[in-house]
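Here is the structure we will look at, set down as structure tokens.
The values are calculated or read from the model by the stated rules, or taken from the named source; none is laboratory data. Values in this document were obtained by computation on a predicted structure and should not be read as measured data. Because the Cβ atoms are built from the backbone with ideal geometry, glycine has one as well, and the counts that use them run over all protein chains shown. Keep in mind that these areas ignore ligands, DNA and RNA; they rest on the heavy atoms of the full protein, side chains included. Shrake-Rupley method; radii C 1.70, N 1.55, O 1.52, S 1.80 Å.
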Amino acid sequence: MINSKDANITDDGYIEIAGWVHEIRDLGGIRFLLVRTRDDIIQVTFSKRKVSGELIEKVKTISRESVIHVKGRISKDERAPNGFEVIPNIVDILSVAESPLPLDPTDKVVAELDTRLDNRFLDMRRPKVKSIFMIRGLVVRAIRDFLYGKNFVEVTTPKIVATATEGGTALFPISYFDREAFLNQSPQLYKQILMSSGFERVLEIGPIFRAEEHSTRKHLNEATSIDVEVSYVDDSEVMKLLEELIIYIYEYINVNADKYLKTIGIDLKIPTRPFRQISYEEAIEIVDLKWGDDFGSLEEKKLGNEIGEHYFIKEWPLKLKPYYTMPLEKKGKTEILSKSFDLMHPRVELASGSQRINDYALLKKQMELRGLNPDNFSFYLDAFRYGMPPHAGWGLGLDRLVMTMLDLDNVREAVMFPRDRRRLIP
RNA sequence: GCCCGGGUGGUGUAGUGGCCUAUCAUGCGGCCCUGUCGAGGCCGCGACUCGGGUUCAAAUCCCGACCUGGGCGCCA
């Protein structure tokens with residue numbers, strides 16, 4: 001079996017590789033095939049002096065991006081790209097690629113994002129694009145690594161639900177046998193219920209769905225959310241956890257994904273701790289808003305430029321946050337604040353969280369104040385009637401995290417098969 | 001949802017009424033070439049989103065449809 005990591009090099013100096021024909025350079029008497037495996041590009045050299053005429057004839061028929069298997073001898077040679085090349089004995093053509101290709105995997109002519117997404121299978125063969133997703137996989141691994149180390153239990157909650165979670169966003173209705181149902185916008189209610197069940201520290205990595213008809217570089221209709229909920233802590237403690245996690249991820253990627261970062265051409269700067277924390281009140285002063293206003297795109301941009309690195313906005317007006325957010329009374333303030341926070345990257349919001357209300361009567365009251373009918377949420381509210389610990393948590397957008405970390409222009413670049421207002425295929 | 005752009009060979013582009021039998025790169029095919037690594041040289045192939053209109057004449061102007069990029073709103 002040929003592991004794509006990449007080559008099985010045997011003691012007698014033989015190597016076996018399988019992959020795609022990345023480029024063909026035919027100089028007449030000598031022909032170079034660059035074979036691309038998952039992580040490397042290896043040169044296979046066919047010179048008339050060292051390779052049989054029969055094999056050379058066979059190789060002439062191979063089209064770019066065909067899949068081949070090569071067995072040959074390793075030859076150290078300074079003239080070869082990585083200091084070595086393969087002098088082949090056997091070449092098997094495993095799959096012939098048609099021509100012309102819908103886009104060029106060698107980056108000579110870069111296709112537009114739309115063309116790339118239409119042909120994502122080919123687009124992801126490009127080393128730069130593949131590196132993004134290799135890193136994304138490692139980010140998820142880092143998250144699990146970090147949170148498992150802190151005794152979190154990973155859970156999965158339903159994505160098909162009967163009611164909206166928090167209001168605010170539009171939901172996708174689906175038909176569920178003879179009933180109406182929705183795709184869940186967030187695991188919020190379920191992870192809170194799990195606090196009542198005594199799991200104390202839960203982690204969920206999963207899809208969330210928003211039916212908003214926006215078309216921007218930072219929104220998707222299907223996103224991946226990293227959700228955390230913790231019992232017996234307040235908002236400041238989960239802020240600290242979030243901050244530590246972000247740093248851990250950056251450091252993990254810096255150490256474990258060096259090769260991919262180089263391929264993308266990123267010099268990863270690890271954010272400095274502690275992240276700056278500004279209150280909502282301070283933030284509106286910077287961008288010249290009135291109390292009670294939410295930040296629009298322009299304000300977000302202005303704040304980001306002003307601060308220039310990761311930061312928290314905390315102590316939001318209660319009315320700007322969902323009903324389950326814990327109110328905060330501050331001495332000398334008449335306005336009702338909340339024990340809530342957003343984690344911001346200069347470009348975009350990454351996460352938001354809060355301490356949650358764990359008192360049944362207060363929670364019910366907050367729902368009613370926002371015009372929600374508590375009867376529709378009894379599956380959730382009941383969990384607060386029989387012993388609910390105080391708890392806090394947050395949701396972090398994985399796609400945006402990867403986008404900002406790798407400085408990608410568009411969040412779609414960080415998602416293999418993005419779902420936006422127009423795109424449902426592939 | 002609102003506003004502003006754009007649709008030209010497989011890919012990426014130039015061309016904004018006649019000079020277009022449409023530019024260039026890449027690709028593909030053929031030929032030459034034994035050290036390429038953005039290989040090189042020569043020859044060839046391949047395109048104006050669709051429908052209607054204006055005009056002597058439309059890739060170019062107008063209308064509609066479809067596709068698409070960006071910004072805003074909303075949202076995370």
> Sorted by accessible area with a 1.4 angstrom probe, largest first, how do A:LEU424, A:LEU138 fall?
Replying inline: A:LEU424, A:LEU138
>> For the full complex of protein chains and a 1.4 angstrom probe, list A:SER236, A:SER66 by accessible area with the highest value first.
In response: A:SER236, A:SER66
> Within the range A:380-424, what residues put their amide N at less than 13 Å from the label point 7 Å along the Cα-to-Cβ vector of A:GLU237?
Replying inline: A:389-393
> Using Cα pairs under 8 angstrom and six or more residues apart, how large is the relative contact order of chain A, in percent?
Replying inline: 13 percent
> Leaving out ligands, DNA and RNA, what percent of the accessible area of the range A:24-82 is carbon and sulfur, probe 1.4 Å?
Replying inline: 47 percent
> At a probe size of 1.4 Å, how large is the accessible area of A:ASP409, to the nearest 10 Å²?
Replying inline: 110 Å²
> What part of the accessible area of the range A:122-414, given as a whole %, is carbon or sulfur when the probe is 1.4 angstrom?
Replying inline: 48 percent
> Accessible area per residue, 1.4 Å probe, Å², for chain A: what's the number?
Replying inline: 50 Å²
> Expressed as a rounded percentage, what relative contact order does the range A:340-426 have, with Cα pairs under 8 Å and six or more residues apart?
Replying inline: 28 percent
> For the range A:52-89 and the range A:270-305, what is the separation of their Cα centres, given in Å?
Replying inline: 57 Å
>> Once you compute Rg and the Kirkwood Rh from C-alpha atoms, what is the Rg to Rh ratio for chain A?
In response: 1.08
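FRET efficiency for A:SER378 and A:SER197, Cβ-Cβ distance as r, R0 = 25 Å, nearest 0.05?
Numbers: r = 16 Å, r/R0 = 0.66.
After rounding to 0.05, the efficiency reads 0.90.
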>> Given a 1.4 Å probe and heavy atoms of the protein chains only, how would you sort A:SER63, A:SER131, largest accessible area at the top?
In response: A:SER63, A:SER131
> When all protein chains stay in place, what accessible area (Å², nearest 10, 1.4 Å probe) is found for A:LYS108?
Replying inline: 140 Å²
> For the range A:72-125, which GluC sites (Glu not before Pro) are in a loop by DSSP, counting at most 11 other Cβ atoms within 10 Å?
Replying inline: A:GLU78, A:GLU98, A:GLU112
> Gaussian network model of chain A, Cα springs within a sub-10 Å range: biggest mean-square fluctuation belongs to which of A:ALA97, A:ALA211, A:ALA392?
Replying inline: A:ALA97
